[in-house]
Amino acid sequence: MGQTMIKVLTYNIHKGFDRYNRDFVLHKIKDHLKDAQVDVVLLQEIQGRHLHHESRISAWPDVSQFEYLADNIWPHFAYGKNAIYRKGHHGNAILSKYEIAEWSNLNLSRFKRASRSLLHGMIELPNSNGPLHLLCVHLDLIGFERKRQIRALKHYVDSNIDASDPIILGGDFNDWHGGLGGSVESQLGLQEAFRQINGKYAKTFPSNWPMFRMDRIYYRGVDLLDSYCMERQPWSELSDHLPLYARFAI
């Protein structure tokens, strides 16, 4: 049985605003995501609804941001609404060219307005013998909260995913000082794609002068082919984060 290649991108889109939080650039993000030609997009800080922006910004889409980005490129999507406030909500999303057979959302935050969660989607690829688990995460800014969230993530994976099933876990780990990497790899039995290729985690924040290794793509049960950070224009002018890419065979 032949292998199937799957291309994955993880991206914190800053709710569709540029790195300075001034200009609404979701239409540009959509165009460049399309040009990236990936099979799966793992998105953080994506706006599900915002009543104030809907009435104030002429370019604001008539549908949710995840539906707008998905369009006819990624016909299957899931959205985890996590940060909820009077004017709307935002969270994580998975966009996929393959059908998402099942999905669930686990809120990892103890604070109502914080978008800290695990979005889990299951897809089946051609020629595969079972599901591929896609996990999209956004962890806390505070170190002890991130550690607690990693423990919650491990408990969820151990309880809901067979040990032999392949996993791709991507997102914004907010790991300012690099202390989480070993925990994720040892506790979950995962490897980080960019680090496997380049020997270190990718610098993804801030996008115009990346200094911090915030965003990751971890995996198990698939063969890593390539991984890189999209660090040049136009990406450095869009969100405050840079997107991270990985290509696998399964």
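Considering only helices (runs of 4 or more DSSP H) fully contained in the stretch 19-72, which possess at least 3 residues that are surrounded by 11 or more Cβ atoms within 10 Å (Cβ to Cβ), on the phi > 0 side of the Ramachandran plot and not charged (D, E, K, R)?
Numbers: elements: 26-36, 51-56, 65-70.
Because the criterion is at least 3 residues that are surrounded by 11 or more Cβ atoms within 10 Å (Cβ to Cβ), on the phi > 0 side of the Ramachandran plot and not charged (D, E, K, R), no helices (runs of 4 or more DSSP H) in the stretch 19-72 meet it.
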With respect to S183, is the statement that it is surrounded by 15 or more Cβ atoms within 10 Å (Cβ to Cβ) and modelled with pLDDT under 95 true?
yes
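Which members of the stretch 73-89 meet the condition of being within 20 Å of the chain's Cα centre (by Cα) and part of a loop (DSSP other than H, G, I, E, B)?
I73, W74, P75
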Subset of the stretch 99-116 that is hydrophobic (A, V, I, L, M, F, W, C) and modelled with pLDDT under 95 - its residue that is surrounded by the fewest Cβ atoms within 10 Å (Cβ to Cβ)
F111
So K147 ticks every box in (1) of a type outside the set (F, W, Y); (2) assigned to a helix (DSSP H, G or I); (3) modelled with pLDDT of 95 or more but one. Which box is left unticked?
(3)
Suppose we filter I161, I250, I168, I217 for residues that are surrounded by 15 or more Cβ atoms within 10 Å (Cβ to Cβ), closer than 18 Å to I6 by Cβ, at pLDDT below 95 and out of contact with any Lys or Arg (no Cβ under 6 Å at 6 or more places or on another chain); which single one remains?
I250
Assuming T204 fulfils every condition listed in (1) within 16 Å of the chain's Cα centre (by Cα); (2) β-branched (V, I, T); (3) within 24 Å of R110 (Cβ to Cβ) apart from one, which condition is it?
(3)
Would it be correct to say that L118 is in a loop (DSSP other than H, G, I, E, B) and within 17 Å of the chain's Cα centre (by Cα)?
no
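The values are calculated or read from the model by the stated rules, or taken from the named source; none is laboratory data. Small disclaimer: the values here were computed from a predicted structure and weren't measured. Note: ideal-geometry Cβ built from the backbone for every residue, glycine included; neighbour counts use all protein chains shown.
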